Every structure is written in C-alpha cells, then in structure tokens.
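What follows is a short report on a single structure.
The values are calculated or read from the model by the stated rules, or taken from the named source; none is laboratory data. Just so we're clear, the structure is a prediction, and the values are computed from it rather than from any experiment. Glycine gets a Cβ as well: all are built from the backbone with ideal geometry, and neighbour counts include every protein chain shown. Quick note on the areas: whole protein, heavy atoms, side chains included, nothing else; ligands and nucleic acids left out. Shrake-Rupley method; radii C 1.70, N 1.55, O 1.52, S 1.80 Å.
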Amino acid sequence: MRGFVKFKSAKEFILKQFKDIKIYGVRKLFHKFYLFIKFLIKLPIYFIALFLCVFIRLISFWVIIRIGKAPTNYGQLSIFMATYYMKKKLGLDRPKKFLLDLLYFDSSNKTYNKQLVKMWKRKINFFPSFILKSVDFINRIFPGWRKHSIENLSLRPERDVDNLVEKCQPLHFTSNEEEYGKQMLKKFGLEEKDKFVCLAVRDNAYDARKDPSRYRDWSYHDYRNYNIDDFILAAESLTERGYYVFRMGVVVEKEFKSKNSKVIDYANSNLKNDFMDVYLGAKCSFCISTSLGFDQIPYLFKRPRAILSLPVGDFQTYSDKNLVMTKKHILKKERKKMSLSEIFEHGLAYAYDTKIFEKKGVELIDFTPEDIKDFAMEIADLAESKNKTDSENDELQEKFKSLYALNIQNKNYLKNFSNSKNKINQNQMLHGKIRSRFSSKFLRENKSWLS
C-alpha cells in the first residue's frame, strides 16, 4: 500500500512489479502474492476508511483533521518528529481553523529505536494504526489529500532549515533516565566529569540487515561507506585531548580495534541498548559522522557535529554547530580535480547512486586517516571554542558559503541529473541560511575547489 502512491500511474506500478520479480526471482514473486492477499483481506476495512475520508472532508469547513504516519527509522524518527513537534509547539504552519492531528505508528514497520518512540509518546498523543493506516492510504488516493496529511512526517529533507531547535528543545530525559544513563557510563569506565565523543561511521551492514540483499541491491549506496580502520588515528588522537570515544552503530561490519582503553567499541558491546544509543548522542561533547540517521540525535540536543558528507548537495549547512567536508572528485580521463561548481555542473551534486559517479567518469578519493584526524581536531577546537582568528581562513569560509549558496540556487544544474530512480524533491535543495563551516584544512590546501 505504502509504495503504490509513489507511482504516477497503474501501468508504472505494474511494470515495477514485473521488474522486481525478474531481478529477485521466485522469492519476490511469493512475497508480492502474499501482499496482494493481505490487500484483499483488508478490503472491508478500506470501505470503512473510505466513509471516514468522506466524513473528514465534509467537516473540513469547520475542523481540519490531518493524519500522519510517524516514521520508524532512526533519522526520520528523530528529525521529522522533532520538526513536527517544534512547529506545533511554536504555533507555526497552522491553519486558522481548528486543527486535529491523528498520528500513528505503523505496527507492520520495524521500530529501530524503542527509546525514541517512548520519548515521543511523552510529547505527542498517538492512536492505534488499525484504522488510521487505511484512512491514510485511502485519503492519498483522492484529490486534496495534502490538506489532510501531515506531510513533514514523510517527505524529505531531514533538515531543520528554520533552526527551530535553537528555539525549542524537543526531547527530554526523565530524572530516572538521567540517573540510569550516568550509571551506564560508569560501567564503561567514565566518571561524571569525563568528556566523550560519538563516532558514527557508515558501512554496508546496517542496510543489509534492514532489507537483505536478496530483496534489494544496496550497492548503489557504496559511495557512502567507509572503512572504520581509517578512523582509529582520529579516535586515539581525541583521547590525547581528554576524550573518550564511543564507536556507535546498530549493526556493523567489523570491530573497532584499538589498544587504547578510552576508545570504546560500543557497537559491539554487550552493554549496548536503545536507551544508551540516544543518551550517548544527547550527552556527547560532539559527534563525528559520515552522515547517517544517528547524527540527528546530537543535533536535537544542540551538540556540534563534524560530518563527512556526500553528495555535496546534501551538506547540512543550516547550523553553525556543523562542520562539513567531502571527498575529492577526480575526472578520471583528464586526471583533474573538480571544483565545487564543476561538481554541480556535471550533475553530481545530487547523485544518490554509485553508478552515476561511474557513468560520469568521476573517481571519489577516500579520506586518509590523517585527513580524518585533522577533521576531528577541528571539530574539537570548535566544541572547545579554541578556533583561532585567522583572516585567511575567515575569507575562505565566507567564500565557501557564498559559492555554495549560489550553486544550490542554480536550478539549471538539475538538468544534468537524469537518473529516474532518484528524482529530486525540490525540498531537498533547501538549506536555509548557509551557516556551517567547511574543513579549514581542506580549503587551505585546495583553494581551486572554491571556483
């Protein structure tokens, strides 16, 4: 049901089913047949839902009823719900008529962090999905559905471009949770005064667990993956500055091996749980991330973030607590480093598939351990307010901000982005005011990139 509304026509939907079966075989055929049987069984519920949709529209002259399915994956459960809650708390984007929101969690979807769900249920009233899920589905079939849908729970971007988190703290821990979190930190060897950092590095393991490769080919995401071993130098360097380092992860490909006792492979720890996933992100001094769902937790608790990000159009530039850096893009045939503007001009700024880089003849140069260490030291300086005044660096930062703003506003670059599977939602281009800093070392050593 959920996927049907993404298609422009029934023909497109049917062709997609045949394509899936051809790629993934008999197992996928039986899976689709099972879903079709479920649809038939639920037909009576859909008739009830249809009646309710008509009723909702009839009373819309006096009361606007909106329905929203709360997301269950990590990043969206964090920032989408926070954006919705903060706008409601601050009285933003609300119609003049009386408004009633009905939110639900889809019981058929796996919830990736139960602690987050628990915290949101303390803030927002949720209703059973038994009927609401069907009403939501039927509502989207008919014209005017957007009026009765809470869209910021389901559409990109995962961005707080209005900087609402600076005006409203969306999530809180109870006093019992605070005490439990401190006790758990002691089990990891930390005292109350000790500082720690969260390190969140993406690899293939999470997606493979979420949706096994026999159902989906995840290789298109390979450009976002990193080797955790390249982060050991940065982690050990941070311990020399007095930090503990927690390597985060729901599921990971391999261990984070270091002889340094202050480097903790939390992702493979038997003390790992949903609560500590959130607590660590909320209480860390800062977070180093390769741009994945977890890093939204530190953001919601106003923690600085250093984000190694791809593609460049996805930079999280709306907060001055963010530091960003991206991989060097090399035109393989010419052996030429691409500038920021050239990346946009070649249709790579919104390239969400490894094959697009390959098709364009572009090689992405991985960060060296030294690059990552320097990046970690810069976010540590930022968190500790130790950034030295440097006229050259300030000039480079301002040049980056103005050039990036110019590029993301140039819609002509979108014509080079032709991959139909990754159509760009215009909202993804919203960055708000460009406030984040780019790696100072990268800019100093690659001045031609700012052209």
Among the residues of the range 324-346, are any under 17 Å from the mean Cα position of the chain (by Cα), hydrophobic (A, V, I, L, M, F, W, C) and at pLDDT 95 or above?
yes
Under 9 Å between Cβ atoms, which residue pairs at least 6 apart in sequence (or on different chains) link something in the range 37-49 that is within 19 Å of Pro128 (Cα to Cα) and touching a residue at least 24 places away in the same chain (Cβ under 8 Å) with a partner that is polar (S, T, N, Q) and open to solvent by less than 70 Å² (accessible area, probe 1.4 Å)?
Lys42/Ser134; Ile45/Ser134; Tyr46/Ser134; Ile48/Ser134; Ala49/Ser134; Ala49/Asn139
The residue from Lys360, Lys386 that alone is in contact with a His (Cβ under 7 Å, 6 or more places away or on another chain), open to solvent by 50 Å² or more (accessible area, probe 1.4 Å) and over 20 Å from Asn227 (Cβ atoms) is Lys360
Determine whether Glu179 is assigned to a helix (DSSP H, G or I), without any contact (Cβ under 8 Å) to a residue 24 or more places away in the chain, on the phi < 0 side of the Ramachandran plot and surrounded by fewer than 16 Cβ atoms within 10 Å (Cβ to Cβ).
yes
Is there a residue in the range 193-208 that is at pLDDT below 95, touching a Gly at 6+ places or on another chain (Cβ under 6 Å) and not small (Gly, Ala, Ser)?
no
For residues that are in a loop (DSSP other than H, G, I, E, B) and either modelled with pLDDT under 95 or touching a helix residue (DSSP H, G or I) at 6+ places or on another chain (Cβ under 9 Å) (or both), scanning just the range 270-282, find the one that is most open to solvent (accessible area, probe 1.4 Å).
Lys272
Under 8 Å between Cβ atoms, which residue pairs at least 6 apart in sequence (or on different chains) link something in the range 92-113 that is on the phi > 0 side of the Ramachandran plot and part of a loop (DSSP other than H, G, I, E, B) with a partner that is at pLDDT 80 or above and of a type outside the set (Gly, Ala, Ser)?
Asp93/Lys87
Breaking point among (1) part of a loop (DSSP other than H, G, I, E, B); (2) surrounded by 17 or more Cβ atoms within 10 Å (Cβ to Cβ); (3) at pLDDT below 75; (4) of a type in the set (Phe, Trp, Tyr), for Tyr215:
(2)
Which members of the range 295-306 meet the condition of being among the basic types (Lys, Arg) and either without any contact (Cβ under 8 Å) to a residue 12 or more places away in the chain or on the phi < 0 side of the Ramachandran plot (or both)?
Arg303, Arg305
Any idea how many residues of the range 223-263 are more than 20 Å from the chain's Cα centre (by Cα) and open to solvent by less than 20 Å² (accessible area, probe 1.4 Å)?
10
Filter the range 67-85 down to residues that are surrounded by fewer than 20 Cβ atoms within 10 Å (Cβ to Cβ) and either among the hydrophobic types (A, V, I, L, M, F, W, C) or not in a helix (DSSP H, G or I) (or both), then give me how many there are.
2
Residues (of a type outside the set (Gly, Ala, Ser), touching a residue at least 24 places away in the same chain (Cβ under 8 Å) and out of contact with any strand residue (DSSP E or B) (no Cβ under 8 Å at 6 or more places or on another chain)) located in the range 131-150:
Ile131, Phe137, Ile138, Ile141, Phe142
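So that you can scan it fast, the table gives a plain yes or no per residue for (1) in contact with a Phe, Trp or Tyr (Cβ under 7 Å, 6 or more places away or on another chain); (2) modelled with pLDDT of 90 or more; (3) buried (at least 17 other Cβ atoms within 10 Å of the Cβ); (4) of a type in the set (A, V, I, L, M):
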{"site": "Leu103", "(1), (2), (3), (4)": "yes, yes, yes, yes"}
{"site": "Asn109", "(1), (2), (3), (4)": "no, no, no, no"}
{"site": "Asn113", "(1), (2), (3), (4)": "yes, yes, yes, no"}
{"site": "Trp120", "(1), (2), (3), (4)": "no, yes, yes, no"}
{"site": "Ile124", "(1), (2), (3), (4)": "yes, yes, no, yes"}
{"site": "Ser129", "(1), (2), (3), (4)": "yes, no, yes, no"}
{"site": "Leu132", "(1), (2), (3), (4)": "yes, yes, yes, yes"}
Exclusive hit being without any contact (Cβ under 8 Å) to a residue 60 or more places away in the chain and either within 19 Å of Phe246 (Cβ to Cβ) or open to solvent by 10 Å² or more (accessible area, probe 1.4 Å) (or both), set Ser391, Ser309, Ser341, Ser285
Ser391
